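Inspection log for the structure reproduced underneath, given as structure tokens.
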Amino acid sequence: MPKSILDKNFSLPDTMRSEMRRQFGILYPGDGKKTIIKILHDIGSPANIITIGDISTFNVLQCSTIPDISIIDEKTHRKPADSNIIKGIRHFTFKMMYVNNPSGCVTSELVQAISQAISINEPVQIMVNGEEDLAALPAIVLAPISSVVIYGLPDEGAVVVTVTHDIKDMICDMMERMKCE
């Protein structure tokens, strides 16, 4: 399925919203540097580190680790991020990409940017105009096996998904059930 998602726009139907709230990986409770240090220790040397969200990206960078791909929207809890967070997620090594992606959707523009970022051998930051909340789905589907996707679960902690064939199949199944255009 990975190639078949490149040219489609997906939107999350109301019937799948509760399914999307479940975790697809391991929850590390808490936030901040202490939690990320534990995560980085536990994941070892994955194929890629992909961060979804401003806080996850900020915390990984604060631990002197540059994600291979970070997907941000300069928002936290759907409100503009604090200026310290915005400054903290910018890093001179990132190749920047810009996409549009409305709330509750995964656009082909976002999917293609993730696909391109994975093929580039340098850190990439994808700046989303709109929302990046569902970006973990195509990131998991497109990432090489043994990559790690880190995303925040508001007020709970960080979720770490190690990409396996089984997890890819599960996410592909979910995306196939989303509304497509």
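Quick note: the coordinates plus some simple rules give every number you see, no bench work behind them. Keep in mind that what you see is a predicted model, and the values were worked out from it rather than measured. Using ideal geometry, Cβ is built from the backbone for each residue, glycine included, and neighbour counts are taken over all protein chains shown.
Enumerate the residues in the stretch 19-40 having an amide nitrogen under 20 Å from the point lying 7 Å beyond the Cα of ALA47 toward its Cβ.
24-26, 40
Consider the candidate values (1) 1.13; (2) 0.94; (3) 1.04; state which one is Cα Rg over 2.2 N^0.38 Å computed from the structure displayed.
(2)
Pulled fully out, how much extra length does the chain show between HIS91 and MET16, if you take 0.36 nm times their separation in residues and subtract their Cα-Cα distance?
Contour length minus the Cα-Cα distance gives 23.5 nm.
Would you mind calculating the gained length between SER83 and HIS165 on full extension (0.36 nm times residue separation, minus the Cα-Cα distance), in nm to one decimal?
25.7 nm
So how far apart, in nm, are the two label points at LEU153 and ILE120 if each is 7 Å from Cα heading toward Cβ?
The answer from the label model is 3.1 nm.
On full extension of the chain, what length is gained from THR65 through ASN100, given 0.36 nm per residue of separation minus the C-alpha to C-alpha distance? Provide the component values of the computation, followed by the final result.
Details: separation 35, 0.36 × 35 = 12.60 nm, distance 2.66 nm.
The span from THR65 to ASN100 would gain 9.9 nm if fully extended.
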